[in-house]
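For reference, the structure is listed below as structure tokens.
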Amino acid sequence: MIPENSSDIIQSIEQLTPSAGPIDIVHFRDGKILAVSSDSLAFFKDRNSFNDPLGNGLLNNCDIPSDHALEDYTEGWVKEYRAGYIGLQDGKVLLITPIAVQLFQNKDDALRNNNQLASLDLPMTH
């Protein structure tokens, strides 16, 4: 389990290992969650929505291209997080911007906004 830190956006990380494969659940302070698996990213309305078999709480999702699938799940996908930055175990980076979560190959690409591997639009709230 990743220790909770002083992120303004992220409250905590939960690690699950269902039969379909490991998933890290990123809990946002507003109650929404981001599910991170080896091959996809998905936003849900809240933690209870994640377990809805009909997917009623799914707000948005995107696939991670197979040639960039996440690797090295020994201690979860998420290695560290701070504000809008999520460092992954395999060196990839998720950046949370006001409009999207973007996946990059590494920190340098993320800092320069180069070579984005995947992007998940943030759900709009009313």
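The values are calculated or read from the model by the stated rules, or taken from the named source; none is laboratory data. Quick caveat, the model's predicted, so the values are computed rather than measured. Here the Cβ is made from the backbone with ideal geometry for all residues, glycine too, and neighbour counts use every protein chain on show. Accessible surface areas use protein heavy atoms only, side chains included; no ligands, DNA or RNA. Shrake-Rupley method; radii C 1.70, N 1.55, O 1.52, S 1.80 Å.
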### Task
Quick one: which residue in ASP30, ASP63 is at pLDDT 95 or above and open to solvent by 100 Å² or more (accessible area, probe 1.4 Å)?
ASP63
### Task
Can you tell me which residue within segment 15-27, out of those that are surrounded by fewer than 17 Cβ atoms within 10 Å (Cβ to Cβ) and free of Cβ contacts under 8 Å to residues at least 24 places away in the same chain, is farthest from the chain's Cα centre (by Cα)?
SER19
### Query
Quick one: which of ASP8, ASP52 is open to solvent by 80 Å² or more (accessible area, probe 1.4 Å) and either of a type outside the set (Gly, Ala, Ser) or outside any helix (DSSP H, G or I) (or both)?
ASP8
### Summary
Among ASP90, ASP109, ASP121, the single one that is farther than 23 Å from LEU16 by Cβ, open to solvent by less than 70 Å² (accessible area, probe 1.4 Å) and either free of Cβ contacts under 8 Å to residues at least 12 places away in the same chain or not aliphatic (A, V, I, L, M) (or both) is ASP109
#### Entry: Among the candidates LEU103, LEU117, LEU16, LEU70, residue that is in contact with a helix residue (DSSP H, G or I) (Cβ under 7 Å, 6 or more places away or on another chain) and at negative phi
LEU117
### Query
Residues GLN89, GLN105: which one is at pLDDT 90 or above, touching a His at 6+ places or on another chain (Cβ under 8 Å) and of a type outside the set (Val, Ile, Thr)?
GLN105
### Flag if LEU70 is open to solvent by less than 30 Å² (accessible area, probe 1.4 Å), part of a loop (DSSP other than H, G, I, E, B), aliphatic (A, V, I, L, M) and without any contact (Cβ under 8 Å) to a residue 40 or more places away in the chain
yes
#### Entry: Residue that is in contact (Cβ under 8 Å) with a residue 40 or more places away in the chain, open to solvent by less than 90 Å² (accessible area, probe 1.4 Å) and under 18 Å from ALA35 (Cβ atoms), where the choices are GLY57, GLY76
GLY76
